[in-house]
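Before any comments, here is the structure.
None of the figures in this text is laboratory data; all of them are computed from the coordinates on show. Since this is a predicted model, take the numbers as computed values, not measurements. No Cβ is skipped: glycine too gets one built from the backbone with ideal geometry, and neighbour counts run over all protein chains shown.
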Amino acid sequence: MSEPLILGIETSCDETGVGIVRGTTLLADEIATSVALHARFGGVVPEVASRAHLEAMVPTIEKACKKAAIKLADVDAIAVTAGPGLAGALLVGVASAKALALALGKPIYGVNHLAAHVCVDQLEHGLLDQPSIAMLVSGGHSSLLLVPDVTQDIVALGQTIDDAAGEAFDKVARVLGLPFPGGPYIDEAALTGNPEAIAFPRGLTTPKDLAKHRFDVSFSGLKTAVARWVEREQREGNTVMVNDVAASFQEAVVDVLTRKAIDACLTHDVSTLVIGGGVAANSRLRKVAGERCAEHGISLRIPRPGLCTDNGAMIAALGSELMRRGRDASLLSFSSDSSMSVTSVVSP
Amino acid sequence: MNILAIDTSVGITVAVLRSDGQVFEASLDSHGIQGELTATLVNQVLQQAGLTPSQVTDVVCGVGPGPFTGLRVGIATAEVFAYALGIEIHAICSLDAIAHDYGCACVVVTNARRKELYWAKYGNTRESQPQVNLPADIPSTQLPFVGPGVEFYPEIISGTNVPLRAGALAQIFASGQAQLVPLEPMYLRKPDAQEPGIRKPVL
Ligand SMILES: [Zn+2]
């Protein structure tokens with residue numbers, strides 16, 4: 001008998017994602033993004049995102065089925081992001097997924113978006129090691145997680161106490177006159193910049209901060225420091241070396257993230273680090289994480305960039321793992337939860 | 001023909017109009033629960049009607065106007081349900097259901113929040129595009145105000161509260177007299193979003 005066929009739907013932010021997997025094999029991963037609609041606002045506008053999800057839903061499901069060369073009726077279960085995310089955006093995906101489950105007479109899993117970011121790596125590198133440490137960094141999240149079992153047991157070790165990592169990239173990009181979303185543009189500018197040109201602050205790394213916020217991160221102070229630096233240069237009539245600022249800022253972010261992730265692995269005696277979320281596409285983060293993991297004998301797993309950003313495949317991947325492990329499906333009346341805790345992997 | 005009708009512009013209302021003419025209906029008159037319970041109510045009316053999803057031949061969807069977040073749940077549910085089964089979906093202005101049940105010329109009003117009402121004028125059929133206005137700005141006619149909107153500003157707009165029934169949407173469609181509209185939410189308002197101005201210095 002072949003492994004179960006799972007269709008996953010993701011609408012927690014501005015990507016309408018529909019993924020189809022069989023077991024841990026990726027068959028389709030279609031995404032419609034409304035990012036261009038948000039660019040002029042400098043950030044995701046929830047109502048704009050929700051409208052775009054509704055428009056994109058059926059065409060994206062259709063494309064995914066076509067790509068996977070399957071009929072909807074062949075699907076064994078539906079998985080959908082139940083949270084965390086933008087409330088109105090989540091509702092469009094959840095309503096669509098419930099309608100699919102009802103029409104097809106199949107079970108539905110309302111799953112945790114963060115757990116899915118971790119689980120998606122199974123599509124690339126096989127079953128996760130138990131336990132793993134996971135670091136999720138994107139425009140919406142910055143979390144450090146201890147993952148003994150991605151289907152039922154995740155412990156939040158730390159998170160951002162202000163901005164998400166990706167948000168810091170967006171805001172600094174704006175200061176530097178780079179487009180939204182900032183991540184890829186800063187990454188590119190930094191390639192030809194000097195990461196040691198400016199010593200930007202590393203948030204929550206002093207002994208005093210570590211006592212209380214060992215695995216938490218903070219990017220608000222860094223963002224302000226960059227803005228101050230740029231303004232001072234401008235006021236003094238100097239040309240702002242965008243590439244150096246980008247590289248130095250990026251270095252500060254990457255340094256703190258990788259240091260904390262390695263510390264979590266060593267503290268909890270875990271030998272696998274998984275990195276996910278949009279910021280995991282950052283080339284410097286991938287490089288430094290690789291070096292520091294190698295130094296400490298930690299195996300590093302990062303999915304390819306397309307699977308790091310929000311997508312339907314990651315939701316399908318988690319649905320598939322839940323089914324493989326015999327976890328209970330959700331009730332048709334389950335609620336989406338914009339602030340869903342990572343301790344809840346699947347909605348009851 | 002077994003028609004499934006769904007509307008979430010005012011709470012949730014779903015109905016099945018079975019081929020023998022019998023109507024099975026379920027409604028919940030509150031907002032904020034559409035995401036949880038719309039599919040459950042659809043399941044419930046299908047069971048009451050003794051139908052499996054694959055026996056539904058047509059889906060009728062009320063496309064508002066209504067508060068956006070809840071409204072989208074019903075449209076997504078109807079659209080994806082129809083798509084999954086490969087059956088046709090037909091869109092009707094939600095206010096038409098209320099005018100249909102009232103049965104005479106009237107102005108239908110529903111709650112638009114932000115101190116406003118959605119409204120449309122009806123003779124034998126809908127005579128105006130639905131609009132959104134402050135109660136005081138709805139043009140006065142000799143016609144009675146009808147619909148859940150009469151409950152909110154009684155000092156300005158009073159009339160008869162006729163609830164919105166998905167069964168009425170199914171019946172309008174079955175009659176062949178429906179004023180079909182595009183399958184998209186009648187938002188009537190642009191999203192609240194402001195483009196950022198000149199960045200303020202942090203110093
Ligand atoms: Zn994400």
Residues meeting the amide H criterion for A:Asp337 (H placed from the backbone, H to H distance under 5 Å, 5 or more places apart or on another chain) are A:Gly83
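In region B:1-72, what % of DSSP beta bridges are antiparallel (nearest 5)? Present the calculation step by step, with values, prior to reporting the outcome.
Details: 11 of 15 bridges.
Among the beta bridges of region B:1-72, antiparallel pairing accounts for roughly 75 percent.
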Among A:Leu90, A:Leu144, A:Leu331, the residue with the largest mean-square fluctuation in a Gaussian network model of chain A built from Cα contacts under 10 Å is A:Leu331
Relative contact order of region A:231-342 (C-alpha contacts under 8 Å, at least 6 apart) in percent is 20
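Take the alpha carbon gyration tensor of the protein assembly as shown, find the square roots of its eigenvalues, order them as a ≥ b ≥ c, and report rounded if a/c is under 1.5; if not, report prolate when a/b exceeds b/c, else oblate.
Judged from the Cα gyration tensor, the protein assembly as shown comes out oblate (a/c at least 1.5, b/c at or above a/b).
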Within the set B:Pro148, B:Pro191, B:Pro53, GNM on chain B using Cα springs under 10 Å gives the largest fluctuation to B:Pro191
For the A:Asp149, A:Asp74 Cβ pair and Förster radius 41 Å, calculated FRET efficiency rounded to 0.05 is 0.90
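At 222 nm, what helix-only mean residue ellipticity would chain B give, in deg cm²/dmol to the nearest 500, using -39500 (n - 2.57) for each DSSP H run of four or more?
On the way: 4 runs with 51 residues, N = 203.
It lands at -8000 deg cm²/dmol.
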Residue-ordered couplings for region A:300-309, obtained by feeding phi - 60° into the Karplus form 6.51 cos²θ - 1.76 cosθ + 1.60 and rounding to whole Hz (Gly and Pro as x), are 9, 10, 10, x, 4, x, x, 9, 7, 6
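Please give the per residue volume of the convex hull enclosing the alpha carbon atoms of region A:304-348, rounded to a whole number of Å³.
Working: hull volume 4.5 nm³, N = 45.
Taking the convex hull of the Cα positions in region A:304-348, it is 101 Å³ per residue.
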To the nearest 10 degrees, the tilt of helix A:46-68 (Cα long axis) against the first principal axis of the alpha carbons of chain A is 60
Along region B:66-74, Karplus-curve 3J(HN,Hα) (6.51, -1.76, 1.60; θ = phi - 60°) to the nearest Hz, with x for Gly and Pro, reads x, x, 4, 4, x, 4, 4, 4, x
Scoring chain B by relative contact order with C-alpha pairs under 8 Å, at least six apart, yields a percentage of 22
Given GluC sites (Glu not before Pro), DSSP loops and at most 16 other Cβ atoms within 10 Å, the longest exposed-site-free stretch of chain A is A:1-195
Amide H neighbours of B:Leu164 at under 5 Å, excluding residues fewer than 5 places away on the same chain, with H built from the backbone geometry, are none
Listed residues A:Ala156, A:Ala52, A:Ala173; largest mean-square fluctuation, Gaussian network over chain A with Cα springs below 10 Å, found at A:Ala156
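In deg cm²/dmol and to the nearest 500, what is the mean residue ellipticity at 222 nm of chain A if only DSSP H runs of at least 4 residues count, each as -39500 (n - 2.57), divided by the residue total? Could the numbers behind the result be given before it?
Working: 13 runs with 157 residues, N = 348.
Helices in chain A give a 222 nm mean residue ellipticity of -14000 deg cm²/dmol.
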In the protein assembly as shown the DSSP beta bridges are antiparallel at a rate, in percent to nearest 5, of 65
Shape descriptors of region A:156-239 over alpha-carbon atoms, Rg and Dmax in angstrom, are 14.2, 46
Amide H neighbours of B:Val181 at under 5 Å, excluding residues fewer than 5 places away on the same chain, with H built from the backbone geometry, are B:Ala91, B:Ile92, B:Cys93
In degrees, nearest 10, the alpha-carbon axis of helix A:165-175 is tilted away from the dominant principal axis of the alpha carbons of chain A by 50
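Decide, for region B:128-186, between rounded, prolate and oblate: order the square roots of the alpha carbon gyration tensor eigenvalues as a ≥ b ≥ c, take rounded if a/c falls under 1.5, and otherwise choose prolate if a/b is larger than b/c, else oblate.
Details: a/c = 2.27, a/b = 1.72, b/c = 1.32.
Taking the square roots of the gyration eigenvalues as a ≥ b ≥ c, region B:128-186 is prolate.
What does the net charge come to around A:Lys260 if you take all other residues with beta carbon closer than 9 Å to its beta carbon, with K and R at +1 and D and E at -1? Please list the in-between numbers first.
Working: positive: A:Arg214, A:Arg259; negative: A:Asp216, A:Asp263.
Net charge around A:Lys260: 0.
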Nearest 10, in degrees from 0 to 90: the angle of helix A:87-104 to the longest Cα principal axis of chain A is 20
A correct Karplus calculation of ³J(HN,Hα) over region A:209-221, with 6.51 cos²θ - 1.76 cosθ + 1.60, θ = phi - 60°, whole Hz and x for Gly and Pro, returns 5, 5, 4, 9, 10, 3, 10, 8, 10, 8, 10, 5, x
Both in Å, the radius of gyration and Dmax of the C-alpha trace of region A:56-186 are 17.5, 52
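Name the shape class, rounded, prolate or oblate, that the alpha-carbon gyration tensor gives for chain B, where a ≥ b ≥ c are the square roots of its eigenvalues, rounded holds for a/c under 1.5, and otherwise prolate holds if a/b is larger than b/c and oblate otherwise. Please report the intermediate quantities before stating the final value.
On the way: a/c = 2.08, a/b = 1.28, b/c = 1.62.
It is oblate, given that a/c is not under 1.5 and a/b is not larger than b/c.
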